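Presented below is the structure to which this report refers.
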Amino acid sequence: MRIRTLIKKLAEETSGDEISIKEINEVAGYQGFGPLLLVPALITALPTGAIPLVPDMCGLFICLVSGQIIMGRKKTWLPAKLANFSIKKQKFNESIEKADPFIGFLDSLFKPRFALLADNVIARYLIALMSVILGLAMFPLGFIPFAVFPAALILLFFSIGLTTKDGLMVALGLIGLCAGAAYLYYTLFF
């Protein structure tokens, strides 16, 4: 699903003056896992990832969301406080209007391709399993400033791939994961 289509669907299919994370999750369905992984990965990849406990909280959230993909849930269960967090619909629509050119640019970059890597059940489970491992890795890596960046970058590729069904992004994440594993192996054993 294109990012612009998902956002338009959110604006049209939510009712009331506010949009909650719970409503976003319900409207997005399986694509909801991608954006829910994207946000903590982005927070961790940015300089905010160097703030103590931020990588731990993001890693915990990533494990929560990814674990539910592994369990085969169609919708993500979230704690009530988080699920009920909302923003004004008017503010959401204004933000989307301003971001529309950028969203159009992103849609031109990320498109459904290499479906075998991003748009089937087995791929989703494997991405979720690797995301749990990367989320857990954030706990020890969080003690070293910016050490979580490689894991967050790989999670960004995975989440964009899940959201837009872009297998190329998943492939880039897999390449990064293999390179990281090879580096870790080389560092520990040589």
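Table for the structure above
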quantity: Verdict on Ile154 being outside any helix (DSSP H, G or I), out of contact with any Lys or Arg (no Cβ under 9 Å at 6 or more places or on another chain) and among the β-branched types (Val, Ile, Thr); calculated: no
quantity: Subset of region 145-166 that is of a type outside the set (Ser, Thr, Tyr) and at pLDDT below 85 - its residue that is nearest to the chain's Cα centre (by Cα); calculated: Phe146
quantity: Criterion violated by Leu184 - all others in (1) buried (at least 17 other Cβ atoms within 10 Å of the Cβ); (2) out of contact with any Phe, Trp or Tyr (no Cβ under 8 Å at 6 or more places or on another chain) satisfied; calculated: (1)
quantity: Helices (runs of 4 or more DSSP H) fully within region 21-131 counting 2 or more residues that are touching a Ser or Thr at 6+ places or on another chain (Cβ under 6 Å); calculated: 21-28, 33-45, 54-70
quantity: Tally of residues being in contact with a Phe, Trp or Tyr (Cβ under 6 Å, 6 or more places away or on another chain) and free of Cβ contacts under 8 Å to residues at least 40 places away in the same chain across region 134-172; calculated: 1
quantity: Selection within region 90-104 - charged (D, E, K, R) and over 22 Å from the mean Cα position of the chain (by Cα); calculated: Lys91, Glu94, Glu97, Lys98
quantity: Meets criteria (loosely packed, with under 13 Cβ neighbours inside 10 Å and free of Cβ contacts under 8 Å to residues at least 60 places away in the same chain) for Pro52; calculated: no
quantity: Some residue of region 144-167 being touching a Pro at 6+ places or on another chain (Cβ under 6 Å), under 22 Å from Leu6 (Cβ atoms) and buried (at least 16 other Cβ atoms within 10 Å of the Cβ); calculated: yes
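The values are calculated or read from the model by the stated rules, or taken from the named source; none is laboratory data. In this text the structure is predicted, and so the values were computed from the model without any measurement. In this analysis, Cβ positions are derived from the backbone assuming ideal geometry, glycine residues included, and neighbour counts consider all displayed protein chains.
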